[in-house]
Structures are given as structure tokens and as C-alpha cells.
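The values are calculated or read from the model by the stated rules, or taken from the named source; none is laboratory data. Just so you know, these numbers come straight off a predicted model, no measurement behind them. Each accessible area value is taken on the protein alone, full model and side chains, heavy atoms only, with ligands, DNA and RNA left out. Shrake-Rupley method; radii C 1.70, N 1.55, O 1.52, S 1.80 Å.
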Amino acid sequence: MNVTKRLVVLVAVLVANVALAQDVTIKLGTLAPQGSTWHSLLKEMAEKWGEASGGKVKLKIYAGGTQGSEGDMVRKMGVGQLQASSITNVGLHDIVAEPMVFSTPGLFDERDFRDTFPKLEAQLNGIVEARGYVVLSWAQVGTVQIFCTKPYTTPEAAADAKFFAWDGDPAAVEAFKLVGFRPVVLSSTDIVPSLQTGMISCVSQVPAYVLTARLFDKANQMVDYPWAYLIGATIVKKDAWEKIPADVRPKLLAITKDINSRIDAEVKRLNDDAVTAMKKQGLNVVKVETGPWEKAAMRSWPAVRGKVVPEAFFDQALKARDEARKARK
């Protein structure tokens, strides 16, 4: 190798080493309310990332919807304003639609999800990575309940209610219509003022979020039926992730998985405790017959199968759910 070639190789190595030595900043957005358990755990994750990387990887958390709705956060990741997000499968569907199967009304409950998801996780990770993102971890958010300003005992009675529908989720609009509800499309950051003005009268959300965001101040009637199941994921842009030294990434991945496993372990207790706390502050749990609500939920499935979630994956998830239920019996 002549002198010139040796110099070229040496310069290339030096440049590579400098790049590896540079600090990497990952800006992460989330709707998790400031001061909530989810926010606290994300802050802990940021601290541990810093320690594990020797201070080279800085994780900055933007909580409470300060970066806009989940759709806004996905768009900001697309243009590099954010590099990561901890979002629900509702927001994630702007990248991949398959995880939305778990939030199809009446399709999965908590036990169904826990028994079924491990069979589909690797496949979902591959689908997300093919879109240019890396799943750092999946997490359970919990059972979605319907909270309204009036005590609706049947789906038919709720036909006059105005249901919040996520901005950027046209399938939710169609699903509500198939059920017989009246959807109102809004950004998630507009829920509170819309409840106050009467623009919406019902919200389907997990109790822990309803408590921390104080949605129950107006929507203080909870239908006692598990309407859907909500999951979340912490994702990062693949190009940003690969700027982190290869030997550091497994450490950060392990930290993220540990944090989210703690969320999973706590999620049912958090949601149960949230209902208890809200009942002490005026929440009324509306007892209902399960049958009519199950039938209403199933009417929404055609809005999801083949229109949001590919038919093959929807059927695969449904088959896995049925096998899990059979095994439990």
C-alpha cells in the first residue's frame, strides 16, 4: 500500500472514530401527562441511557403533548424534528397499521392480549423496521373504557352522544358509525376543551389517562364494559438509532425493555387505582348488560379488517386469540 492510500485509510479511521465519539441526542415525544407514572419512567429511562452510554447518548423527553398529537409526532420524526416517540398503536398506525388489530372494539381483552401478543411480536417488529423505524419496546397501556357526560346503559341510548375520534384515524370514524355512534374528529390535545364546550360528550380511553388528564371532571359516567385494548410502543428512527455505537445499543435496548416491563406489571393496578380514585371524586360506574355492547363492538370489525389492518394479519390475530381462549378453558 503506497503512502497516499495509507493516509486515506488513516483519515477514514479517524473520521469514523470521531463520529463514534460524538454525542447523540434523541428527542422523544409522548402524550404521557407531565408527572404521570409513564412520564416518570421515561425520565428514569433517560437517566439510565446517559449512565449506560457514559454520557454520550442524551435522551430528551417531551411529555404532555407538547409536540402535538401522536400524528404530529410521527410527522416530526419523519422530518427529523423528533427522533423517537412513545406512542399508542393509534398513533403508530401512521407508520404501520397491523398493531391496530389489538384495539379493535370487542376483539381483545387484557388476557387475550397477554396470551396472543408474544406470538406476533417478532413479525410486528419486522414490519416496523421495514418502514425505517426500530421498536425499542412494546408496552401495555390498558383496557379502554367509555367515559361520557351521561349514564348510557345501552349502545342504542348512546346514539345521541358525540364521541371523540382521533384526528388522522378515518377508520375510527367509520367504526363508530357502524356501531351507531356519532364521531367528532379532533386532535387528542383538544379533548378537554371540547368536553367543556359540549363539542364531544364521550371519550374512549384508559382510566389512568382519564384521571391524570382530568377528563372525568366532565365525562364522569364510565360504561362498565371493556370496549377495547390499547397498547403502545417506544420507537426510534433507524438512522438515528444507528448513529449510536453498536456496542451501546444493546444496553439501551435492555434498559427500555426493563422500563416497559415495569409499565406492563403496573398497568392493571394503575388503571384499577385510577377508577377507585375517580369514584371518590364523583365518577359513576354505569352497570350494563354485556351482550348488547359486545354485539355493538363487533359491528365495527368491517371498518378495520381489510381497510386498516390487512385481512391476513387480522385473521391471524383472531385465530391466535381464539386458540388462547381455548387453551385457557
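Strictly greater than 17 Å: what percent of every Cα pair in the stretch 55-100 meets that?
Tail of P(r) above 17 Å: 34 percent of Cα pairs.
At 1.4 Å probe size, with the rest of the protein present, what percent of the exposed accessible area of the chain is carbon and sulfur atoms?
Its accessible area is 54 percent carbon and sulfur atoms.
Please list, short to long, the whole-number percent of alpha-carbon pairs of the stretch 262-310 in consecutive 10 angstrom bins beginning at zero.
Calculated P(r), rounded to whole percents: 20, 23, 37, 20, 1.
Check cross-link reach from K237 to the lysines: straight Cα distance under 16 Å, and skip same-chain residues fewer than eight apart.
Partners found: K27, K58, K60, K76.
Roughly how many Å² is the accessible area per residue of the chain, as a whole number, for a 1.4 Å probe?
46
Select from the chain the helices, each a whole stretch of DSSP H, whose alpha-carbon atoms run 24 Å or more along the helix axis and whose Kyte-Doolittle mean is at least -0.5; answer none if there are none.
Correct list, ordered by number: 3-21.
Please list D247, D258, D264 in order of solvent-accessible area, largest first, computed with a 1.4 Å probe with all protein chains present.
Sorted by accessible area, descending: D247, D258, D264.
Checking the table K162/K218; K218/K280; K177/K268 against a 19 Å threshold on Cα-Cα, which pairs fail?
Over 19 Å Cα-Cα: K177/K268.
Enumerate the aspartates and glutamates that K150 could reach by cross-link, defined here as Cα to Cα under 14 Å, with residues fewer than 8 away along the same chain left out.
D160, D217, D224
From the list [x] 28, 56, 16, 0; [y] 30, 59, 11, 0; [z] 30, 54, 13, 3, 0, can you say which value of P(r) over Cα pairs in 20 Å bins from 0, in percent was derived from the structure given?
From the options [x] 28, 56, 16, 0; [y] 30, 59, 11, 0; [z] 30, 54, 13, 3, 0, the structure gives [z].
Ignoring ligands and nucleic acids, what accessible area does K162 show with a 1.4 Å probe (Å², nearest 10)?
60
Suppose we look only past 19 Å in the calculated P(r) of the stretch 198-308. What percent of the Cα-Cα pairs does that tail hold?
Percent of Cα pairs beyond 19 Å in the stretch 198-308: 63.
Kirkwood-based Rg over Rh for the stretch 28-146 (C-alpha set), two decimals?
Here Rg/Rh amounts to 0.97.
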